[in-house]
1. Could you order L66, L38 so the one with the most accessible surface comes first? Probe is 1.4 Å.
2. Quick one: if the Förster radius is 30 Å, what FRET efficiency do Q111 and H28 give, using the C-beta to C-beta distance and rounding to 0.05?
3. How large is ³J(HN,Hα) for each residue in segment 236-245, as worked out from phi by the Karplus curve 6.51 cos²θ - 1.76 cosθ + 1.60 (θ = phi - 60°), to whole Hz, x for Gly and Pro?
4. Relative to the longest principal axis of the chain, what angle (0 to 90°, nearest 10) does the C-alpha long axis of helix 2-14 take?
5. Which FRET efficiency value, to the nearest 0.05, is calculated for S75 and S46 with the Förster distance at 30 angstrom and r the Cβ-Cβ distance?
6. Between W131 and V96, what length comes free when the chain is fully extended (0.36 nm per residue of separation minus the Cα-Cα distance, one decimal in nm)?
7. Can you list the lysines whose alpha carbon sits under 17 Å from that of K78, skipping same-chain ones fewer than 8 residues off?
8. Roughly how many percent of the accessible protein surface of segment 105-245 is carbon and sulfur, given a 1.4 Å probe and a whole-percent answer?
Amino acid sequence: MAFCHSNNLLLYMAQPSFVSQPVAQVIHTDIYQLGDRLVLEDVNFSIQKGEFVYLIGRTGSGKSSLLKTLYADLSLKKGSVQVAGYELNSIRRSDVPYLRRKLGIVFQDFQLFMDRNITQNLEFVLRATGWTDPMKMKTRIAEVLIRVGLSGSLQKMPHQLSGGEQQRVVIARALLNEPEILLADEPTGNLDPEVSEEIMRLFLQINKSGMAVLMATHDFDLIRKFPQRVLRCENSKVVEVTTPV
Ligand code: ATP
Ligand code: MG
């Protein structure tokens, strides 16, 4: 392991400066769930700026645990994980909110405040992440809603939107702070196939602008229709999938 680390260091040092660093790099990492349960062992992969990666695997295989580790919701016991410029091995608790500003997190269940309209939902996140200027907040909210195709929904309550539209708001919320990578955990899990495809097209469109995406999914139809790099959790390992799923 010591050899591999020093080898990585040499590779890093040998790179010319124009080669960008990965947005996520996981080296010899064990992933533990709460209660010290080992879920994934010796995980190794990296995601480059602007890459789109699916994360597949049977239920309980560790997809969500891996994503949670990347956004520092599960602590790291062994290995090295670097995300959006933060070294998670040595990250201080007080720095975790700053790490999360550089990540966009999208879950299957929409987790919007149902008693606030769309603008208020987004405003809440902006205030919580340090924004104070009302004009700048208004502009940013309008920008992200345009980006997800919901510019007419500023004053609507979540219940006035369809499931697909609510998921668009969640994606808009994830974009507020211009993250380097979107971490999406089964973002189409509650949507019918047609709406799932629309959401997928939105992810791809966002990805085209240079934002990396790591998306856990069970939806093989989507993967076949929109082929991208695939990582699979199986038998406590994460493997690169090179054959069509
Ligand atoms: P799914 O496809 O069903 O979402 P998954 O691949 O995301 O599954 P995880 O949720 O990461 O799988 O679960 C991996 C393992 O960790 C499972 O054995 C699960 O029981 C366990 N686990 C998940 N959440 C917790 C928790 N909060 N506390 C303890 N163990 C957990
Ligand atoms: Mg999961």
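1. L38, L66
2. Working from the Cβ atoms, E equals 0.35.
3. Residue by residue, segment 236-245 yields 6, 10, 10, 10, 7, 9, 10, 9, x, 7 Hz.
4. 60 degrees
5. So, using R0 = 30 Å, E works out to roughly 0.90.
6. Taking 0.36 nm per residue and subtracting the Cα distance, the gain is 10.9 nm.
7. Filter leaves K68, K237.
8. That share works out to 50 percent.
The values are calculated or read from the model by the stated rules, or taken from the named source; none is laboratory data. Model, not experiment: these values are computed from the prediction. Every residue, glycine as well, gets a Cβ built from its backbone with ideal geometry; the counts of neighbours run over all protein chains shown. Remember, those area values only see protein heavy atoms, side chains included, never the ligands or the DNA or RNA. Shrake-Rupley method; radii C 1.70, N 1.55, O 1.52, S 1.80 Å.
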